[in-house]
Amino acid sequence: MHKAYLVLARQLELLKLRAKIQQDTKEVLDQSQREYFLREQMRVIRRELGEDDDLDDPIDELRRKAAELDAPEYVKNQALHEIKRLAQQGMNSPEAGVIRTYLDWLFNLPWADEQEQEISIGEAEKVLDADHYGLEKVKERILEYLAVRKLAGNKMRSPILCFVGPPGVGKTSLGRSIARSLGRQFVRTSLGGVRDEAEIRGHRRTYIGAMPGRIVQSLKTVKSRSPVYVLDEVDKIGMDFRGDPTSALLEVLDPEQNNTFSDHYLEIPYDLSKVVFIATANQLDPIPAPLRDRMEIIEIGGYTEDEKLGIARGFLVPKQREFHGLQAEQLEISDAALLKLIREYTREAGVRNLEREIATLCRKVARKVAAASDIPLAEGETRALQTFAVDAGDITDYIGPERFAFGLAEEQDEIGVATGVTWSPTGGDVLAIEVLPVRGKGGLQLTGQLGEVMKESAQAAMSYARSRAEQFGIDPSYFDDHVIHIHVPEGAVPKEGPSAGITLTTALISAMTGSPVRRDVAMTGEVTLRGKVLGIGGLKEKTLAAHRAGIKTFILPKENTKDIVDLPDKVRQDLTLIPVSSMEEVLKVALPDLVVKPKAAVVRP
């Protein structure tokens with residue numbers, strides 16, 4: 001009986017559990033049937049009222065969208081495949097949300113070809129001139145690019161332009177002007193600090209929250225397959241364990257490959273060949289060589305003083321007056337005041353800081369105008385329009401003391417002091433190089449925080465002077481009895497480069513022979529041990545600095561004669577440019593009092 005009781009009790013528990021499961025299942029089915037019945041009733045009621053559009057079957061609605069999609073056949077096939085998967089799994093499946101999101105991307109991306117606006121070279125030129133002052137070479141290259149697109153259409157793969165230049169010279173705004181001249185949408189993506197390859201190629205759909213890369217996202221946003229796409233700060237892309245974004249850009253920026261660009265999220269090719277890609281960078285060196293090879297580099301130098309003055313007069317002052325609520329009659333800034341801002345309050349290649357200083361002037365004036373408007377008027381009296389004229393002498397009262405000092409030529413001819421010129425990303429400046437021989441045990445002493453290359457230039461200048469000592473009338477024992485001290489002022493500023501070679505040599509020979517260096521002569525060039533003068537870079541910025549400092553004669557390497565055509569007309573007219581190929585030619589110009597003996601003939605056995 002005990003055993004029979006245990007068997008019956010176990011069987012009873014099983015029957016109770018089975019009955020409970022059946023009851024729960026029946027309740028769930030009843031609930032589902034009830035919801036289905038009610039939903040069908042609502043559908044019939046809506047249909048009778050003529051409001052059944054919103055209650056179509058979701059799968060049928062997706063199939064209709066896929067049929068109406070203006071896209072290549074492989075895109076439609078992919079959409080239908082995903083819809084089939086969704087129908088099999090059901091709308092309540094955990095995978096349904098992922099599939100619906102993917103289909104939304106497919107349906108909303110621009111796949112169809114677009115009618116391109118007719119390109120007018122004349123209108124494009126007007127747009128570029130209206131938006132940018134100067135930059136003639138860059139504008140010319142852009143107009144050539146537009147002319148080829150107009151004539152060749154889609155026959156030629158679009159080259160990828162890369163604007164390289166210092167901050168604030170208008171690289172990004174050039175892309176916006178190109179978009180205006182082409183009549184296309186403008187898209188900008190900043191790549192500064194991007195370290196994840198998925199930012200370019202997108203994530204795989206297996207990840208939660210996966211989405212396409214920035215390229216595809218931007219095209220969906222502007223709803224265009226052929227916008228002007230600016231990839232900003234392409235030189236500041238990083239890399240880490242998540243991949244190398246520059247490698248992903250290789251496919252995007254290759255005209256031969258980007259017609260089948262593969263985004264990890266879409267998993268089907270997307271044609272980027274219609275997109276006009278423009279890259280911008282501050283420096284060329286950080287860009288990897290394979291990526292640099294895919295782009296056409298257009299270098300944009302800094303603006304000259306005259307160009308900055310023109311930009312301030314035509315663009316910055318009117319813009320800031322409008323932003324600060326001032327009328328043109330209320331604030332007038334003279335050219336002398338703008339030049340003072342450019343020279344003594346900013347040191348940059350572009351015009352961003354200049355715009356900030358002009359904005360400061362406008363704020364000061366706006367405060368005075370606003371304060372005057374608070375004074376109540378007598379009945380019938382009208383408020384007179386306040387006017388403010390800002391001249392160079394007023395700048396200190398408005399903004400404060402000068403922040404920078406620009407180099408000027410020496411006041412008189414001096415022994416052992418030669419004027420050189422320097423280049424930096426913010427422009428050029430003149431630099432005095434001082435040489436002082438003092439009694440000692442011989443040797444060379446260098447001060448002024450010189451870089452390794454500049455130290456080597458000083459050693460080369462010293463060796464050249466010793467090898468020509470007899471010609472210059474210097475006692476050979478002079479070098480054993482004197483310490484030659486070479487100093488470049490502004491010791492807190494690092495100085496590097498070989499282009500001060502002829503300046504160092506001139507100052508050295510002047511100090512040892514007692515011949516004064518002409519104060520109105522500046523020079524640049526690399527020197528060899530044989531006294532040959534080699535070419536340098538940054539000639540435009542250096543000549544501008546010399547012109548601004550009041551220099552009359554500029555000595556440059558003969559190799560740089562080809563670069564003279566790029567100099568501003570005013571510089572070419574005011575400066576006497578003397579190309580040289582040897583130190584003998586330099587010394588004739590810079591040290592007119594120096595007597596050079598003819599070189600003794602060398603008899604070889």
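The values are calculated or read from the model by the stated rules, or taken from the named source; none is laboratory data. Everything numeric in this text was worked out from a predicted model, so none of it was measured. Quick reminder, even Gly has a Cβ in these numbers, built from the backbone with ideal geometry, and neighbours come from all protein chains shown.
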* Asked: Based on what the data block shows, is A507 assigned to a strand (DSSP E or B) and among the small types (G, A, S)?
  -> no
* **Failed condition for A87, given (1) part of a helix (DSSP H, G or I); (2) among the hydrophobic types (A, V, I, L, M, F, W, C); (3) more than 25 Å from D285 (Cα to Cα); (4) touching a Leu at 6+ places or on another chain (Cβ under 7 Å)** => (4)
* Asked: Restricting attention to the stretch 239-260, which residues are free of Cβ contacts under 8 Å to residues at least 40 places away in the same chain and under 16 Å from E197 (Cα atoms)?
  -> F241, E251
* So how many residues does the stretch 350-370 have that are of a type in the set (A, V, I, L, M, F, W, C), surrounded by fewer than 21 Cβ atoms within 10 Å (Cβ to Cβ) and either in contact with a Ser or Thr (Cβ under 9 Å, 6 or more places away or on another chain) or under 30 Å from V164 (Cβ atoms) (or both)? -> 1
* Asked: List pairs: first in the stretch 461-478 and in contact (Cβ under 8 Å) with a residue 60 or more places away in the chain and under 18 Å from L446 (Cα atoms), second outside any loop (DSSP other than H, G, I, E, B) and of a type in the set (G, A, S), Cβ under 8 Å, 6+ apart or cross-chain?
  -> A461/G501
* Tally, over the stretch 428-454, of residues that are in contact with a strand residue (DSSP E or B) (Cβ under 9 Å, 6 or more places away or on another chain) and loosely packed, with under 14 Cβ neighbours inside 10 Å -> 9
* Could you grab me the full set of residues in the stretch 121-146 that are among the small types (G, A, S) and within 14 Å of S177 (Cβ to Cβ)? => A124, A130, G134
* To do: Name every residue in the stretch 566-589 that is farther than 30 Å from I300 by Cα and polar (S, T, N, Q), in order of residue number.
  => S582
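Yes or no: the stretch 370-387 includes at least one residue that is over 32 Å from the mean Cα position of the chain (by Cα), in a helix (DSSP H, G or I) and at pLDDT 85 or above.
yes
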* Asked: Which pairs do you get when a residue that is without any contact (Cβ under 8 Å) to a residue 60 or more places away in the chain, found in the stretch 114-132, comes within reach of a residue that is hydrophobic (A, V, I, L, M, F, W, C), reach meaning Cβ atoms under 7 angstrom, with the pair 6+ apart or on two chains?
  -> I121/L143; I121/L146; I121/A147; A124/L143; A124/L146; E125/L143; L128/I142; H132/L174
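Please go through the stretch 92-119 and pick out each residue that is part of a loop (DSSP other than H, G, I, E, B) and either within 39 Å of the chain's Cα centre (by Cα) or assigned by TED's automatic domain parsing to the domain that holds R149 (or both).
Once the filter is applied, which keeps residues that are part of a loop (DSSP other than H, G, I, E, B) and either within 39 Å of the chain's Cα centre (by Cα) or assigned by TED's automatic domain parsing to the domain that holds R149 (or both), the stretch 92-119 yields L109, P110, W111, A112, D113, E114, Q115, E116, Q117, E118, I119.
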* Listed residues K220, K236; which is in contact (Cβ under 8 Å) with a residue 24 or more places away in the chain, within 24 Å of D293 (Cα to Cα) and of a type in the set (K, R)? -> K236
* For the stretch 171-203, which residues satisfy the criterion of being within 25 Å of Y265 (Cβ to Cβ) and either of a type in the set (S, T, N, Q) or outside the structural domain of I237 (by TED's automatic domain parsing) (or both)? -> Q185, T189, S190
* Scan of the stretch 515-542 for residues that are within 20 Å of A469 (Cβ to Cβ), of a type outside the set (V, I, T) and assigned to a strand (DSSP E or B), ordered by number -> P516, K532
* Report whether or not T528 is assigned by TED's automatic domain parsing to the domain that holds S581, modelled with pLDDT of 90 or more, more than 17 Å from V435 (Cβ to Cβ) and of a type outside the set (K, R). => yes
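Filter the stretch 251-276 for residues that are in a loop (DSSP other than H, G, I, E, B) and modelled with pLDDT of 85 or more and give the result.
D263, H264, Y265, L266, E267, I268, D271, L272, V275
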* Structure fact -> Inside the stretch 572-589, the number of residues satisfying the requirement of being without any contact (Cβ under 8 Å) to a residue 60 or more places away in the chain and in a helix (DSSP H, G or I) is 6
* Asked: at pLDDT 90 or above and farther than 19 Å from T422 by Cα: does that describe S515?
  -> yes
* Qualifying positions in the stretch 481-501 - under 13 Å from M454 (Cβ atoms) and outside any loop (DSSP other than H, G, I, E, B) -> I486, H487, K495, G501
